[in-house]
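Each value in this text was obtained by applying a stated rule to the coordinates, not by laboratory testing. Just so it is clear, the structure is predicted and the values come from calculations on it, not from any experiment. Methodologically, a virtual Cβ is constructed for each residue, glycine included, from the backbone with ideal geometry; neighbour enumeration extends over all protein chains shown.
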Amino acid sequence: MELQLALDLVNIPQAKEVVKEVEGHIDIVEIGTPVVINEGLRAVKEIKQAFPNLKVLADLKIMDAGAYEVMKASEAGADIITVLGATDDATIKGAVEEAKKQGTQILVDMINVKDLEQRAKEIDALGVDYICVHTGYDLQAAGENSFQQLQTIKRVVKNAKTAIAGGIKLDTLPEVVETQPDLVIVGGGITGQQDKKAVAAKMESLIKQESLA
Ligand SMILES: O=C([C@H](O)CO)[C@H](O)[C@H](O)COP(=O)(O)O
């Protein structure tokens, strides 16, 4: 099980500061969608250059032009790029083919997918690397989470790795790791804390314990 730090509400210098603080405790650093909107793929490039030992995920949430956008993110230094599960298969296939050429990986974000079980099976057959359940900020504000959805994809996904994102905090992490996703994505649960390093270290320890169990 791996831990991904999601950076959403920062600029590039702030992103570097946060990563410097917690880099020993995370596996992947995510350049979040709001950061890409504000700073462009330059954010991916600068973080990869500054932290070459960490994998960098570009959260582009691709909905169209899969191959082209994956190519651009890969050229900027991304190791993993996100595509939305709600899009059509042609976009996902294009993204997967291009990622293979580039030596990068595709994480499909299932945010707002209505028939999760059926769509997860379809997407699993397309050769993606990760399938991720995700409750976005707007539904988190309404008290929702994806813990139940994680159990669904754990049951039906046979090839891809499974991942979960959306509002995970230190106190809810044990419930998440019990279901054994391959990847846990945490943003505000680390970035919103006073002592980010201590929280990331505790999360890492919970995740590694569960991986050994
Ligand atoms: O993908 C995300 C969201 O849609 C904003 O871009 C976040 O990175 C993801 O939800 C993880 O962040 P937290 O919910 O703060 O843990």
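Key figures for this structure:
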read-out: The chain: relative contact order as a whole-number percent, Cα under 8 Å and 6+ apart; value: 20 percent
read-out: Under 22 Å from LYS121, Cα to Cα: lysines that are on another chain or at least 8 residues apart; value: LYS61, LYS93, LYS100, LYS154, LYS158, LYS161
read-out: Within a Gaussian network of the chain (alpha carbon springs, distance under 10 Å), most fluctuating of ARG155, ARG42, ARG119; value: ARG155
read-out: Antiparallel bridge percentage (DSSP; both residues within segment 2-212; nearest 5); value: 0 percent
read-out: Full-stretch length increase - GLU122, ASP89 - with 0.36 nm per residue and alpha-carbon distance subtracted; value: 11.0 nm
read-out: Net charge, GLU39 excluded, C-beta distance under 11 Å - Lys, Arg +1, Asp, Glu -1; value: +1
read-out: GNM result for the chain, Cα springs below 10 Å: residue of GLY192, GLY136, GLY32 fluctuating most strongly; value: GLY192
